[in-house]
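The values are calculated or read from the model by the stated rules, or taken from the named source; none is laboratory data. Keep in mind that this is a model prediction, so the values were computed, not measured. All Cβ positions, glycine included, derive from the backbone under ideal geometry; neighbour counts span all protein chains shown.
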Amino acid sequence: METIKAGNQTVRAVAGAQPYHPERSYRFSRHCLEVDCPEGRLLFHSLSGELLLLRESESPENPALREELVKRWFLVPLEFRDRQHCDQVRSVTRLTQKDKGAITDYVVFTTTDCNARCYYCFEKGQRRLSMTEQTARDAACWMLAHAKGEKIKIRWFGGEPLYNAGVIDRISRTLLDGGAAYESTMVTNAYLFDPTLIEKASKLWNLRQALVTVDGTEEVYNRTKAYIHQEGSAYKRVLSNLERLLEAGIATTVNLNMDAHNAEDLLALAEELGRRFGGKKGFAARCELLVAYVGEVAAFESDQQALDTRRAVNERLEAFGIRRKATVEQGLKLNSCMADDPRSVTILPDGRIGRCEHFGDSEEVGSIYHEAWDPEKLAAWLEPRPAEEACEDCVLYPQCYRLKKCNACPDRCNFLFREQRIGNLRDKVRNTWERWRQKQSLQAGGEHED
Ligand code: SF4
Ligand code: SF4
C-alpha cells in the first residue's frame, strides 16, 4: 500500500486512529471511493482526503493491511454510522478554526446591467443598478479597513462587470494608494474587452483570471447571447479577446454550459476551441450540465445520456489538453461557499453587503455605510440543508455541505447533481495518481542518473 496523498492533518488528528479489533467484521466506509488505475486500485477517503494505492497483489483480507485500513477509517464496522461520524468530526474540527475577523474575499457587483440577454440568466427580472464613482471609492476604503492588512481578493461580477469598468479602475486605484496587496478574477462575457482595457486589467486591476461562458459555436452563441450590440459577430470578437487576454498573461477559463438544446453543438465547439487554443498557456475549458442544478432533464432522452454527452465533450477538451486536470482536495468541507465563509462578502452596486453572488439586488445583510449588520439575516445564511435519505450512503457527504438558502443546487438532490460530481471526483482521483506517478518516475530517473 502506498500513500499518494496524506489528506487533511487537522481532520485526521480530530478523527484519531480507529481502534482495530481482529475478531470484528468490517466493510468499506461509505466515504471511500474506489477508482481503478493501471497499477491496481485507488482508495480515496472523502472525509480525511487521504488517497491510497493498493497494488493488484494487495488484498484488504491481508491482516496487516486490514488493520492499517481500519486505523485510517477506510474500513469500518458493519453497523458503523458513517454520516453521524462525519457530522461529529465536522463539529469538532470547526472548534479548531481560528477566525481573525479579517474580510479578505470580495465579490463586487460593478453593475447588475448587462450587454447580453441570455435566456437562462438567473438575474432576469432584477433591477438594473450601477455603482457610482463615489460608492466605488467608499467600497475600496471599506475593504482596506476590513482586510486588516491581509491580501485582498476580488471577483468582479455583475451583470456584466465591464459594462461599468470605470469603477474597477476607481477601486483598484484606491487600494493601490492605500498600500494594499490585491488581485482579482472576473466573471465576464469578455465582449467589451479591448486593448486599452486589457492593459488596465493586467497592470491596474491585477486580473489573474477571466471566467467566460461560451454556449455554442458561432451561430448558436450569437443567438443565445443576443447582445445589444449589432455590429459583426459577437462570437468572433469574444474569441479574439480571449486570445488577447492570454497574450497579456491573464488566464481564461471557458465554461461550456450544457443543456439538451446545445449538447450536440458543444462537441463541435470543443473541437474549435481545441484547435484554436490547444497548447496556449493559461487556457482551460470545462463542460457542466445546467440541468444538474435546475433538475429538469426532459429534453435529454435520459439522465445517462446527459452524463454521457457531457463526458464526450470533456474528453474532447482533454484530448486537446485544454481541460484542466484538477486533483483531489483536502477532504471534509467545513462550510459551503462564500455565503457562510466569515472572510467573504459581496458588495452590491449601491454599497449594500450580501453573502451570495447569486443575489445581486436582494438578500443584503448590511451595508458599507453602517457597521451594524442584521443578525437574523446573517444567521439565515449559516443554516445548512438537512441531510436527505440519499446522503446516508453517498460518498460525497463529507464534501457536500449545502445551505438552505442556496439557489444553485436543487431543492432535492437528484441523480444528475450527484453523478456529475461523483464523476468529477473520480477524474480528480485519477489525475492525482497520474501526477504522483510522473513525479515518482522523474525522481527515479534523477536517482538513476546520479
Ligand atoms: S450529492 Fe446529494 S446525496 Fe450526496 S451528499 Fe450531496 S445532497 Fe446528499
Ligand atoms: S449560489 Fe449557493 S453555492 Fe453559490 S454562493 Fe450562493 S449559496 Fe453559495
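Things worth noting here:
- All of LEU245, LEU239 fail the test of being touching a residue at least 40 places away in the same chain (Cβ under 8 Å) and not in a strand (DSSP E or B), apart from LEU245.
- For first residues located in the range 403-416 and free of Cβ contacts under 8 Å to residues at least 40 places away in the same chain, partners that are more than 10 Å from ligand 1 (Cβ to nearest atom) and not basic (Lys, Arg) and lie 6+ apart or on another chain with Cβ distances below 6 Å form the pairs LYS404/GLU383.
- So GLN126, is it of a type in the set (S, T, N, Q) and either surrounded by 18 or more Cβ atoms within 10 Å (Cβ to Cβ) or in a helix (DSSP H, G or I) (or both): no
- Taking the range 243-263 as the range and being among the charged types (D, E, K, R) and touching a Leu at 6+ places or on another chain (Cβ under 9 Å) as the test, only ASP259 passes.
- The number of residues in the range 217-237 being closer than 16 Å to LEU266 by Cβ and either of a type in the set (Asp, Glu) or modelled with pLDDT of 95 or more (or both) comes to 4.
- Residue in the range 328-340 that is farther than 30 Å from ARG137 by Cβ, of a type in the set (Lys, Arg) and in the same structural domain as ASP194 (by TED's automatic domain parsing) present: no
- Of the residues screened, MET143 is one that is crowded, with 20+ Cβ neighbours inside 10 Å and over 21 Å from ALA248 (Cα atoms).
- Enumerated strands (runs of 3 or more DSSP E) restricted to the range 143-215, each holding at least 1 residues that are polar (S, T, N, Q) and within 20 Å of ASN257 (Cβ to Cβ): 182-187, 207-213
- Flag set for ARG66, criterion: closer than 30 Å to ALA387 by Cβ and more than 30 Å from the chain's Cα centre (by Cα).
To keep it simple, each residue is scored yes or no on (1) of a type in the set (Gly, Ala, Ser); (2) free of Cβ contacts under 8 Å to residues at least 60 places away in the same chain; (3) more than 14 Å from ligand 2 (Cβ to nearest atom).
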| position | (1), (2), (3) |
| --- | --- |
| THR309 | no, yes, yes |
| ASN335 | no, no, no |
| MET338 | no, no, no |
| ALA379 | yes, yes, yes |
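- Qualifying residues in the range 418-436 (those that are charged (D, E, K, R) and over 10 Å from LEU42 (Cβ atoms)) - the one nearest to ligand 2 (Cβ to nearest atom): ARG421
- One residue stands out among those in the range 394-412 that are at pLDDT 90 or above and farther than 16 Å from LEU332 by Cα: the one that is surrounded by the fewest Cβ atoms within 10 Å (Cβ to Cβ), which is LYS404.
- Listed by position, the strands (runs of 3 or more DSSP E) contained in the range 1-87 that have at least 1 residues being acidic (Asp, Glu) are 2-5, 32-37.
- Residue within the range 216-224 that is assigned to a loop (DSSP other than H, G, I, E, B) and within 24 Å of GLU318 (Cβ to Cβ) present: yes
- Among (1) among the hydrophobic types (A, V, I, L, M, F, W, C); (2) crowded, with 19+ Cβ neighbours inside 10 Å; (3) under 30 Å from ALA268 (Cβ atoms), the one test that ILE171 misses: (3)
- The single residue among PHE320, PHE359, PHE300 that is among the aromatic types (Phe, Trp, Tyr) and within 14 Å of ligand 2 (Cβ to nearest atom) turns out to be PHE359.
- Scan of the range 356-371 for residues that are assigned to a loop (DSSP other than H, G, I, E, B) and either more than 19 Å from THR135 (Cβ to Cβ) or in contact with a Phe, Trp or Tyr (Cβ under 7 Å, 6 or more places away or on another chain) (or both), ordered by number: CYS356, GLU357, HIS358, GLY360, VAL365, ILE368
- Here the range 381-392 is the region considered, the condition is being outside any loop (DSSP other than H, G, I, E, B) and more than 16 Å from ligand 2 (Cβ to nearest atom), and the residue that is nearest to ILE154 (Cα to Cα) is CYS391.
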